[in-house]
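Worksheet for the structure shown next.
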Amino acid sequence: MFKVIVISACILASIAAPPPEQVPQIIEQESEVDVGGKYHYKFATSDGTKAEQQGELKQIGNEVGGIASGFYEYTDNNGTHYKVTYTADEHGFVATGDHIPGIPEAIARGLKWSEEHPYKEPEQKKQ
């Protein structure tokens, strides 16, 4: 009787177990790097995930830094599709996408005003 219970429990456990997750397969992949510091890569997977980026080394002031631009996109578990396009350079990392909120109007006006009216040190009165 004990063997029947154990075998029944094993059968029930195997039937009730969730199916194994499917691991997305890489369906496209490229990668290029040249001796001058330029590069490019892209890939796509069977679940619709994609990414592409290109960049290069650039003289920024007295330093050499990397600049890049590209995008990535994917669909989450709820079926929502996301795509992010970005640049990264001497001005920082800037990402855009339909799901990424923009700069509020009041802050945009403040930034514009600050740019048009740079801070100047007050002059010292001579005595």
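The values are calculated or read from the model by the stated rules, or taken from the named source; none is laboratory data. Since this is a predicted model, take the numbers as computed values, not measurements. Because the Cβ atoms are built from the backbone with ideal geometry, glycine has one as well, and the counts that use them run over all protein chains shown.
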Based on this model, can you work out whether ILE15 counts as exposed (fewer than 13 other Cβ atoms within 10 Å of the Cβ) and at pLDDT below 90? yes
Picked from region 36-91 (must be among the polar types (S, T, N, Q) and part of a strand (DSSP E or B)), the residue nearest to GLY102 (Cα to Cα) is THR85
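Among the listed residues VAL94, VAL64, which satisfies the condition of being of a type in the set (A, V, I, L, M, F, W, C), exposed (fewer than 13 other Cβ atoms within 10 Å of the Cβ) and under 21 Å from GLU32 (Cβ atoms)? Walk me through it before giving the result.
Numbers: VAL94 fails: under 21 Å from GLU32 (Cβ atoms).
Within the list VAL94, VAL64, the selection yields VAL64.
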The number of residues in region 102-127 that are within 30 Å of VAL84 (Cβ to Cβ) and of a type in the set (D, E, K, R) is 4
Among the listed residues LYS50, LYS125, identify the single one that is of a type in the set (D, E, K, R) and in contact with an Asp or Glu (Cβ under 7 Å, 6 or more places away or on another chain). LYS50
